[in-house]
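The values are calculated or read from the model by the stated rules, or taken from the named source; none is laboratory data. Source: prediction; values computed, not measured. Using ideal geometry, Cβ is built from the backbone for each residue, glycine included, and neighbour counts are taken over all protein chains shown. Protein only, heavy atoms only, side chains kept; ligands, DNA and RNA dropped before computing areas. Shrake-Rupley method; radii C 1.70, N 1.55, O 1.52, S 1.80 Å.
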Amino acid sequence: MLGHWKIHKSESILSTPWFEIKRDQCQTLEGVIVPKYYTWVKRDCVIVFPVTEDNHVLFIKQYRHGVKKICIDYPGGTIEEGQSVFVAAQSELVEETGYSTNDFSDIGSYLMDSSYSNQKVHFVLALKCKKTQSNSNQQEMTEVLNIPIADISEFAGAEVECLLCSLLTVKALNKLK
C-alpha cells in the first residue's frame, strides 16, 4: 500500500540562508518507526538555456567550490521567495552573463532528489538574448562562453559535467526542433 509516512517529530539540525537540514522521526504505513530520517530543505532553482539573436548559446565558466574546480554550466540560481520562475531566470541571466531578453518559455520542472530534498529545478529557454550590461555578481566571477548552436551537442558532451546542464541541453534542443 502506498501513502504518506506519519511524522512524529521533526527538528532543524542546521539552518543557513541557502538550505536547512531536518531530522524527522517517521512511521511507515506498515507501522515501522524510522527514528532518524534526514532531509534537505532548499528553495527551488532555475537553469536557463540562453540563445542569442545570432543563434549562439551562452554558457558560464566559473569556480564551483563544491567540487573545487572550474566548471562550465548554464546561468542559473535559486528562486527567491515570491519570485516567478521567469523573473528569476531573467535575474540570473543578467547577473551571470550581462545578457537579457523578454522571450522566455518553460522547458520543464524536475525534482532534484525526492528521497532527501523538496527542491524543484525549473528549466527555461531564453531566446533573442542581447548583451545589455556587464556581469554584475561579484561573488560569482564568471567568464561567458558564446557557442554556435550547431556545435552545442558536441561542446556540451565534451565540456559540461553537470548532470542538470546535460539534461537541459537535450530538453532545450528537442524543444527548438
Residues that are buried (at least 17 other Cβ atoms within 10 Å of the Cβ) and under 30 Å from Leu2 (Cα atoms): does the range 34-41 have at least one? yes
Failed condition for Ser12, given (1) touching a residue at least 60 places away in the same chain (Cβ under 8 Å); (2) open to solvent by 50 Å² or more (accessible area, probe 1.4 Å); (3) more than 30 Å from Ile152 (Cβ to Cβ), with all others met? (1)
